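Chemist: Shown below is the structure under consideration.
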Amino acid sequence: MGERDPTDRPPGADDAFVQGGGEMGALTRAFDWSTTALGPLAGWPQSLRTSVSTMLRSPYPITLFWGPELVMLYNDPFRPIHGEKHPATLGASARVALAEAWEILGPLVARTLATGEPLFVENGAVHFARRAGGLREEAYFTWSYNPTIGEDGTIAGLFAIASETTRQVIGDRRLTTLRELSLRTAYDKRVDGVFRSVEDVLAQAGADTPFALLYVADGDRARLVACAGLAGGAAAAPVELPLTAD
């Protein structure tokens, strides 16, 4: 009996490694990979097949960057992180798809590829343009880059395992401001001291309070007693406001 031809696979064997995997598994199977640097599914090396199969079936949000072009593949849990960039991010080069954040991500990816050492970032700021219109939004993530090896023994790609921590980071920051306001004003013995404390604390909270103006009613006028983020007396921060006007 002759040896079996390794290219003589059963029907459907070429995409068996991408069976399952939910919506992203289906999109990966249907995608025309011949338009990318990876080429058709049938020609993918075993290292890439194994990496993709593992990634698609993982319950953790994972993006796989593969090859010199850093072609992107990702699973269902990672899909919300891409926001409205999905599904255009599938099969795209990370350098292009994540261009607005590449100033931050690029050096970290390059370092991991060069050293072969995994990299971990906790609550890192990565401001993606994930919504229509290209507006960058404040966002934070905890993630790791983990090299994966190809057939020739060199690094062929990276697993990016990530979780978004935006709500936690911003929530903690805002609670810190509220706590500082409470502590500072609790020790003030005079009303003008309260105003100064409010002004000082809010001046340090520009990420959540771009500007704040505090007025005290005095007869038919309101007098500016504290301001942060704007100069008192400027057009947007008048020293007095008439209370009788509409």
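The values are calculated or read from the model by the stated rules, or taken from the named source; none is laboratory data. Here the structure is a predicted model, which means the values were calculated and not measured. Methodologically, a virtual Cβ is constructed for each residue, glycine included, from the backbone with ideal geometry; neighbour enumeration extends over all protein chains shown. Just so you know, the surface numbers come from the protein's heavy atoms only, side chains and all, with ligands and any DNA or RNA stripped out. Shrake-Rupley method; radii C 1.70, N 1.55, O 1.52, S 1.80 Å.
Chemist: Over the chain, with a Gaussian network built from C-alpha contacts below 10 Å, which listed residue (Gly43, Gly106, Gly193) shows the highest mean-square fluctuation?
Modeler: The residue that fluctuates most here is Gly193.
Chemist: Now for a separate question. If each of Leu243 and Asp192 carries a label point 7 Å out from its Cα toward its Cβ, how far apart are those two points in nm?
Modeler: 2.1 nm
Chemist: Separate question: Given the options Phe120, Phe128, Phe195, state which has the largest fluctuation in a GNM of the chain using a 10 Å cut-off (strictly under) for Cα springs.
Modeler: With Cα springs under 10 Å in the chain, the top fluctuation among Phe120, Phe128, Phe195 is at Phe195.
Chemist: So, one more: Cβ under 9 Å from Pro40's Cβ, Pro40 left aside: what net charge do those residues give with Lys, Arg +1 and Asp, Glu -1?
Modeler: Here the charged neighbours net out to -2.
Chemist: Carbon and sulfur: what percent of region 172-227's accessible surface (1.4 Å probe)?
Modeler: 56 percent
Chemist: Report the paramagnetic label zone for Asn123: residues of region 177-217 whose backbone N is under 18 Å from a point 7 Å from Cα along the Cα-to-Cβ axis.
Modeler: 177-181, 204-209
Chemist: Same structure, new question: Of all alpha-carbon pairs in the chain, indicate the percentage at a distance above 22 angstrom.
Modeler: That fraction is 65 percent.
Chemist: Could you tell me the calculated FRET efficiency between Asp172 and Arg136, based on Cβ-Cβ distance and R0 = 22 angstrom, to the nearest 0.05?
Modeler: So, using R0 = 22 Å, E works out to roughly 0.55.
Chemist: What does the net charge come to around Gly106 if you take all other residues with beta carbon closer than 15 Å to its beta carbon, with K and R at +1 and D and E at -1?
Modeler: Cβ neighbours under 15 Å give a net charge of -1.
Chemist: By the gyration tensor of its Cα atoms, with a ≥ b ≥ c the square roots of the eigenvalues, what is the shape of region 113-246: rounded for a/c under 1.5, prolate for a/b over b/c, or oblate?
Modeler: Prolate, since a/c reaches 1.5 and a/b exceeds b/c.
Chemist: A follow-up question, please. Is the C-alpha gyration tensor of region 100-171 telling us rounded, prolate or oblate? Criteria: a/c under 1.5 is rounded; beyond that, a/b larger than b/c is prolate, otherwise oblate.
Modeler: Cα axes put region 100-171 in the prolate bin.
Chemist: Continuing with the same structure: Okay, helix-only estimate at 222 nm for the chain: each DSSP H run of n ≥ 4 adds -39500 (n - 2.57), divide by all residues, round to 500 deg cm²/dmol; what do you get?
Modeler: -9500 deg cm²/dmol
Chemist: In terms of the Cα gyration tensor, with a ≥ b ≥ c the square roots of its eigenvalues, is region 28-162 rounded because a/c is under 1.5, prolate because a/b exceeds b/c, or oblate?
Modeler: It comes out oblate by the Cα gyration axes.
Chemist: Of the residues Ile149, Ile81, Ile62, which exhibits the maximal mean-square fluctuation in a Gaussian network model of the chain defined by a 10 Å Cα contact cut-off?
Modeler: Ile149
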